[in-house]
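I have placed the structure first, in the form of structure tokens, so that the comments after it can refer back to it.
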Amino acid sequence: MARVTKMGCFAFKSGGKNKPKNQRTPSPSGGAKSPAPTSSEGHKSKSSSASATTPTRTSIQELSEERGAQRLRVFDFDELSSATNGFSRALKIGEGGFGSVYRAFFRSGSGGGGGRVVLAVKRLKQRSLQGHKQWLAEVQFLGVLEHPNLVRLIGYCAVDSETSKQRLLVYEFMPNKSLDDHLFNRAHPPLSWRMRLQIMIGAARGLDYLHEGLQEVQVIYRDFKAANVLLDADFKPKLSDFGLAREGPTEGKTHVSTAVVGTHGYAAPDYIETGHLTTRSDVWSYGVVLYEILTGRRSVERSRPPEEQKLLDWVARHPPESHSFRSIMDPRLGGKYPAAAARRVARLADRCLVKNPKERPPMRDVVGELERVLQMDPSPPPLVEKDGGDRRRSPPAKR
């Protein structure tokens, strides 16, 4: 008989034949049905001897063993195949180096009268060692992290057989795709000035939570870009794709030393040059995206004239205080933005992009500044007519 497993406000119906009694987050070497690795006795002893008044940093792996097992569901592969109509191309909504993402339909409730729940299923490419590492990172991080501006991971699937190795993730469905789609794909109507600010405020809150929101561990996102900012039905932003996320430095250290990964055009130069990763590496990436929402241009566009191909080099020739600043603004805005607010956002972006990472603002300060910008009057000043009346209209955008 089928067994119903409740997840949040609805329930999934599953066969339950191969479902483990104790759902555990996966181990690095085994499948999802293997028990998660436990900490060594030496580590336990060290933690227990720490002062009760001193907060003890805990690894994501340990936290995922404790919390992820309770929050995440282990899916059967056949169930996910059925929900995506055999991973039909007609249901494919995205594709990248990791593999493909599909829209998936599940029945809610245990009875026949339940409706359908739409989720997203990411299927990693087979025989990819790097893909497995990123899949595991997503399971461990998103099994622990919980914030309104982070995408919610529902569960996962891991199947190893003689012929194949399957790694899948199941997320909440984000119907409005990504910030990247709405900024750069002309098939979508342009985002208003206010909507752009609201999306960036939400994204900044998500990063601030990763950097400072958990007492036990600090998280460095390492892949902030417009394509990883997904938008729900109300255009609320949520950070996605945690495959490259890393834990922050342990006590007494200033950075994490790691191989340089990420997306070209968004990685901080100090990280590229030294391999030293900090939360301020994320701040740099955020500054790049701030200029993308101002200009409507990607960080790198090879189709542009040589002097305009690299976004940061181009905008540097039109600083916020210059008369030519308005020439960099996205023409799709149609001039419908307060010029003073746009210059203030550019100045904030420049602070995020300073060479010395220690001088970049923490994300908490970024959130506060953007909230203040959002409160600035979005309407242009009234124009006085000769008859003494006044009317409001947007000034013509400079080209």
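Below, the figures for the structure above:
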{"read-out": "Flag for Arg167 being more than 18 Å from the chain's Cα centre (by Cα), farther than 13 Å from Val229 by Cα, assigned by TED's automatic domain parsing to the domain that holds Lys236 and among the basic types (Lys, Arg)", "value": "no"}
{"read-out": "Some residue of region 241-260 being in the same structural domain as Val367 (by TED's automatic domain parsing), under 23 Å from Leu348 (Cα atoms), in contact (Cβ under 8 Å) with a residue 60 or more places away in the chain and not in a loop (DSSP other than H, G, I, E, B)", "value": "no"}
{"read-out": "From Leu210, Leu191, Leu230, residue being within 19 Å of Gly96 (Cβ to Cβ) and either among the aromatic types (Phe, Trp, Tyr) or modelled with pLDDT of 95 or more (or both)", "value": "Leu230"}
{"read-out": "Neighbours by Cβ (under 9 Å, 6+ apart or cross-chain): first from region 195-208, under 16 Å from Leu333 (Cα atoms) and in the same structural domain as Val367 (by TED's automatic domain parsing); second of a type outside the set (A, V, I, L, M) and surrounded by fewer than 21 Cβ atoms within 10 Å (Cβ to Cβ)", "value": "Met195/Phe235; Arg196/Asp330; Leu197/Glu371; Gln198/Phe235; Gln198/Lys236; Ile199/Phe235; Ile199/Lys236"}
{"read-out": "1 or more residues closer than 22 Å to His182 by Cα, of a type in the set (S, T, N, Q) and without any contact (Cβ under 8 Å) to a residue 40 or more places away in the chain: qualifying helices (runs of 4 or more DSSP H) within region 271-369", "value": "279-295"}
{"read-out": "Tally of residues being part of a helix (DSSP H, G or I) and surrounded by fewer than 18 Cβ atoms within 10 Å (Cβ to Cβ) across region 199-223", "value": "1"}
{"read-out": "Filter result (within 8 Å of the chain's Cα centre (by Cα), of a type outside the set (S, T, N, Q) and buried (at least 23 other Cβ atoms within 10 Å of the Cβ)) within region 226-240", "value": "Val229, Leu230, Leu239"}
{"read-out": "Residue satisfying condition, being closer than 23 Å to Asn228 by Cα and surrounded by fewer than 22 Cβ atoms within 10 Å (Cβ to Cβ), within set Arg343, Arg302, Arg347", "value": "Arg302"}
{"read-out": "Residue match in region 82-103 (condition: under 27 Å from Asp181 (Cα atoms), at pLDDT 90 or above, in a strand (DSSP E or B) and among the hydrophobic types (A, V, I, L, M, F, W, C))", "value": "yes"}
{"read-out": "In region 310-327, the residues that are of a type in the set (Gly, Ala, Ser) and over 25 Å from Arg186 (Cα atoms)", "value": "Ala316, Ser322, Ser324"}
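Residue by residue, here is whether (1) in the same structural domain as Pro190 (by TED's automatic domain parsing); (2) under 28 Å from Asn185 (Cβ atoms); (3) surrounded by fewer than 19 Cβ atoms within 10 Å (Cβ to Cβ); (4) within 22 Å of the chain's Cα centre (by Cα) holds:
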site: Met329; (1), (2), (3), (4): yes, yes, no, no
site: Lys336; (1), (2), (3), (4): yes, yes, yes, no
site: Lys355; (1), (2), (3), (4): yes, no, yes, no
site: Arg364; (1), (2), (3), (4): yes, no, yes, yes
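The values are calculated or read from the model by the stated rules, or taken from the named source; none is laboratory data. Quick caveat: nothing in here was measured; it's all calculated off a predicted structure. As a convention, Cβ positions derive from the backbone with ideal geometry for all residues, glycine included, and neighbour counts pool all protein chains shown.
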